[in-house]
Amino acid sequence: MTSIPRNDLSIYDRVADQWWSDEVRWVRTLKNLVPGRLAWFGRHVDWTDKDVLDLGCAGGFMAEALVTKGARVTGIDPAEDAIEAARSRATLVGQEIQYDVGVGEALPYEDAAFDAVVCVDVLEHVSDLTQVAAEVARVLRPGGMFLYDTINRNPVSRLATITVAENILGLLPKGTHDPELFIKPKELVRELTDASLVAGPQTGLGPRGINRKGDFVFGPLPLKSLIYMGIAKKPEGPK
């Protein structure tokens, strides 16, 4: 039996031309996650007139939502076709969003360029988590916020994401995730602390209902056993 390649990031380019069409179920799932994420993130940051980096933006779901909250948004992702789809979408709807091709381990931005960095559905895919955390800290301004979500590493999350979501329900393409790259909450807090960020609260993220298309809608949950969200802050520094 041929093994399935894991952490297959090519999936984002393969569906780039359908990203905003609502025709691909797993892409709709990513879109449906955005309101639940922002509902919790918005408790911790006022987006108005903030310079925000959407790290791992893919086709631009989160970036577009952040603009509607009043932020000035830059998006970055290694998937070139997805970035082109995001640029086309921004032009179509008249939004000013800068989209760049790049990776979190080497962000092409100056120090202290952003008030906030948002990073969702990304950290469990990166090649060097320590370097990504260091780059996030570098591009944040003093007092800036890092807002993220990722997948916990345990038997429950492996069952839910690989066996159920990929293999049974088809909510994700097979090979999307490598469960060995999932991150325990305490591990992520340690990485953020080592990057000189002050880790804040975390909470779970998961299904809260089903919409008319039969897709899950999402929101904050008390349990962090599967997906969890969190925030961290760059210290203000000396006055």
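The values are calculated or read from the model by the stated rules, or taken from the named source; none is laboratory data. Bear in mind the structure is a predicted one, so any value in this text is a computation, not a measurement. Glycine also receives a Cβ, built like all others from the backbone with ideal geometry; neighbour counts cover every protein chain displayed.
Brief remarks follow.
- Matching option when the condition is within 27 Å of S196 (Cβ to Cβ) and among the small types (G, A, S), among G36, G75: G75
- Applying the condition of being small (G, A, S) and either out of contact with any strand residue (DSSP E or B) (no Cβ under 8 Å at 6 or more places or on another chain) or surrounded by fewer than 20 Cβ atoms within 10 Å (Cβ to Cβ) (or both) to region 153-169 and asking which residue is nearest to Y228 (Cα to Cα) yields A160.
Each row is one residue, and each column tells you yes or no for (1) modelled with pLDDT of 95 or more; (2) buried (at least 24 other Cβ atoms within 10 Å of the Cβ); (3) over 23 Å from E135 (Cα atoms); (4) in contact with a strand residue (DSSP E or B) (Cβ under 9 Å, 6 or more places away or on another chain).
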residue	(1), (2), (3), (4)
L55	yes, yes, no, yes
A58	yes, yes, no, yes
L66	yes, yes, no, yes
I76	yes, no, no, yes
A79	yes, no, no, yes
E84	yes, no, yes, yes
L92	yes, no, yes, no
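- Those helices (runs of 4 or more DSSP H) of region 76-176 in which 3 or more residues are farther than 14 Å from G60 by Cβ occupy 129-139, 155-158.
The rows are residues; the columns are (1) under 21 Å from T163 (Cβ atoms); (2) buried (at least 19 other Cβ atoms within 10 Å of the Cβ).
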| residue | (1), (2) |
| --- | --- |
| Y12 | no, yes |
| D22 | no, no |
| W26 | yes, no |
| P35 | no, no |
| A39 | no, no |
| W47 | no, yes |
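- Screening F216 against (1) out of contact with any Gly (no Cβ under 6 Å at 6 or more places or on another chain); (2) hydrophobic (A, V, I, L, M, F, W, C); (3) at pLDDT 95 or above leaves a single unmet condition, (3).
- Taking region 187-237 as the region of interest, the strands (runs of 3 or more DSSP E) fully inside it that hold 3 or more residues being surrounded by fewer than 19 Cβ atoms within 10 Å (Cβ to Cβ) are 198-210, 216-221.
- Taking region 121-152 as the range and being farther than 12 Å from G104 by Cβ and surrounded by fewer than 17 Cβ atoms within 10 Å (Cβ to Cβ) as the test, the residues that pass are P142, G143.
- Odd one out for N7 among (1) in contact (Cβ under 8 Å) with a residue 24 or more places away in the chain; (2) surrounded by fewer than 21 Cβ atoms within 10 Å (Cβ to Cβ); (3) out of contact with any Asp or Glu (no Cβ under 8 Å at 6 or more places or on another chain); (4) more than 19 Å from F218 (Cβ to Cβ): (3)
- Verdict on V101 being of a type in the set (A, V, I, L, M, F, W, C), in contact with a helix residue (DSSP H, G or I) (Cβ under 6 Å, 6 or more places away or on another chain) and crowded, with 23+ Cβ neighbours inside 10 Å: no
- Listed by first and then second residue, the pairs linking a residue in region 188-212 that is closer than 26 Å to L30 by Cα and in contact (Cβ under 8 Å) with a residue 24 or more places away in the chain to a residue that is assigned to a strand (DSSP E or B) and among the aromatic types (F, W, Y), with Cβ atoms under 7 Å apart and 6 or more places separating them unless they lie on different chains, are Q202/Y228; T203/Y228; G204/Y228; L205/F218; L205/Y228; R208/F218.
- So I168, is it aliphatic (A, V, I, L, M), more than 19 Å from the chain's Cα centre (by Cα) and farther than 16 Å from L33 by Cα: yes
- Residues considered: I168, I162. Of these, the only one that is touching a Pro at 6+ places or on another chain (Cβ under 8 Å), under 18 Å from T29 (Cβ atoms) and aliphatic (A, V, I, L, M) is I162.
- Test: residue in region 62-69 that is touching a Gly at 6+ places or on another chain (Cβ under 6 Å) and in contact (Cβ under 8 Å) with a residue 12 or more places away in the chain: yes
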